[in-house]
Amino acid sequence: MKTLLVFEYRRGVPAETNPELLAFAAALGGEFACAAVGGEAGLPAFPGRLYLGEPAQFGEYDPALHADFVLQAAKKEAADRIVFLHSSYGWDLAPRVAARLKAAQISNITGIVDARFEAACCNGKMRRLVRPTTAQAVLTIQEGAFPLGETPAGTPAVEKLEPSAAVGGVEFAGYEEPEAREVNLAKAEVVVSAGRGVGKKDNIAAIAELAGLLKGEMGASRPVVDAGWVSHNRQVGATGQMVSPKLYVACGISGAIHHLAGMRNSDFIVAINTDKDAPISEVADVLVVADVMPFVAALNEKLKE
Ligand SMILES: Cc1cc2nc3c(=O)[nH]c(=O)nc-3n(C[C@H](O)[C@H](O)[C@H](O)COP(=O)(O)OP(=O)(O)OC[C@H]3O[C@@H](n4cnc5c(N)ncnc54)[C@H](O)[C@@H]3O)c2cc1C
């Protein structure tokens, strides 16, 4: 089996998550090559072939031209699997490539189980196991699901590709600056996060107090942010910040895959949940089966002593 991994860039800088594609290829087994519209500098090392396209020719992001680039590389490699990160780049490009190849597409892969792909569904509440039935398949992988263990050594052999057709039709206008993240959860040694299980906005103060007593920062799951209880710059997860503190305390958080993607690499995880079977228990080092607010109130009192 041959796999083509598609690296991505922002403003000419390779994405920090590109190495996760290599980790996925290692989990998948077989040969792989890589492709990127961008420069070679900053890409992860690996032995094998690297197809490069000039952004001046393919555009910073022109979907038709980038699809043309990936299709050319996939053809040269006779790739059975074409893999993107499940990012805005991958979301947009993968279906275009799959449609052109008439290949199956499996999005948001979080694991490989018995040669089948595990993918999140039902808003991240369930996982399904799927296997493509077409010879080729286009895949996107959930960021954070395939952390790279050992970095492969080697220098890739570079082959440059030119646009094969004057396609296009989209003008790249530029990037929009994200809202300022004055809270850097990624650097915190302790993160205490509030989930929907805390019940109401008034209870956030006690979670913030626990974070303060542990000399850490407060984070939150997405529903808590969406409800306006906590600002977005504290959201942990696939569409929030990625954290890997020494201690992560999940208060009333179920452990949906999108949340796990942002915190599963924490050194020690404590979860407080009334449901002993909540998915967070799969990654928690300690699961406290309790009503979260009375438990946090008692813990805060103890810590103040
Ligand atoms: C594209 C996409 C991106 C997403 N990105 C993110 C992201 O970045 N971050 C994120 O968090 N989510 C994200 N989500 C949403 C995610 O899929 C989940 O819906 C979300 O993480 C669930 O949040 P939760 O655990 O707080 O709520 P729920 O899933 O509702 O879980 C609440 C938990 O609290 C427990 N509970 C209830 N009452 C109590 C109590 N009194 N005491 C103790 N425990 C109690 C319940 O047993 C349950 O386990 C994303 C979803 C999509 C589709």
Item checked: the stretch 90-131 shape via C-alpha gyration tensor axes, a/c threshold 1.5 -> oblate
Next item on the list: For the chain, calculate the relative contact order in percent as a whole number, restricting contacts to Cα pairs under 8 Å that are 6 or more residues apart.
Entry: 15 percent
Checklist line | P(r) weight above 22 Å for the stretch 19-176, C-alpha pairs, percent | finding: 42 percent
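How much length, in nm to one decimal, is gained on full extension between Y175 and K215, taken as 0.36 nm per residue of separation minus their Cα-Cα distance?
Fully extending the segment from Y175 to K215 adds 10.9 nm.
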Check: Taking the Cα centre of the chain as the origin, how large is its charge dipole in debye, to the nearest 20, when only Lys and Arg (+1) and Asp and Glu (-1) carry charge on their Cβ atoms?
Finding: 660 debye
Checklist line | Column: log10 I(q)/I(0), Debye, Cα scatterers of the stretch 40-108, q = 0.20, 0.27 Å⁻¹ | finding: -0.94, -1.46
Notebook entry, point to check: Any idea what Rg and Dmax come out to for the stretch 112-242 if you just take the C-alpha atoms, in Å?
Noted result: 21.0, 61
Notebook entry, point to check: Taking the Cβ-Cβ separation of W91 and E282 as r and a Förster radius of 41 Å, what is the calculated FRET efficiency to the nearest 0.05?
Noted result: 0.95
Notebook entry, point to check: With charges only on Cβ, +1 for K and R and -1 for D and E, what is the dipole size of the stretch 101-167 about its Cα centre, in debye, rounded to 20?
Noted result: 400 debye
Item checked: Spin-label pair D114/A208, simplified geometry with 7 Å Cα→Cβ offset, distance in nm -> 4.8 nm
Note to self: Taking a ≥ b ≥ c as the square roots of the Cα gyration tensor eigenvalues, with a/c under 1.5 meaning rounded and otherwise prolate when a/b beats b/c, else oblate, which class fits the stretch 177-305?
What the structure shows: rounded
Notebook entry, point to check: One-quarter of the Cα convex hull surface for the stretch 188-236, in nm²?
Noted result: 2.9 nm²
Notebook entry, point to check: Which FRET efficiency value, to the nearest 0.05, is calculated for A157 and D275 with the Förster distance at 45 angstrom and r the Cβ-Cβ distance?
Noted result: 0.30
Check: What order do C122, C34 take when sorted by accessible area (1.4 Å probe), most exposed first?
Finding: C122, C34
Check: Along the three principal axes, how long is the chain when you take its alpha carbons, biggest first, rounded to the nearest angstrom?
Finding: 68, 42, 35
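For the chain, what proportion of DSSP beta bridges, expressed in % and rounded to the nearest 5, is antiparallel?
The answer is about 20 percent antiparallel.
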Item checked: Signed unit charges on C-beta, dipole axis of the chain, positive-most listed residue T133, V249, L161 -> T133
Next item on the list: Please compute P(r) over all alpha-carbon pairs of the stretch 78-148, binned at 5 Å starting from zero, and give each bin as a whole-number percent.
Entry: 4, 18, 27, 28, 18, 5, 1, 0
Item checked: Alpha-carbon radius of gyration plus Dmax, which is the widest Cα pair, for the stretch 232-288 in Å -> 10.3, 29
Notebook entry, point to check: If you find the alpha carbon centre of the stretch 13-42 and of the stretch 237-279, how far apart are they in angstrom?
Noted result: 26 Å
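The values are calculated or read from the model by the stated rules, or taken from the named source; none is laboratory data. Computed from a predicted model, the values in this text were never measured in an experiment. Don't worry about glycine lacking a Cβ; one is built from the backbone with ideal geometry, like all the others, and counts go over all protein chains shown. Surface accessibility is based on the protein's heavy atoms, side chains included, excluding ligands, DNA and RNA. Shrake-Rupley method; radii C 1.70, N 1.55, O 1.52, S 1.80 Å.
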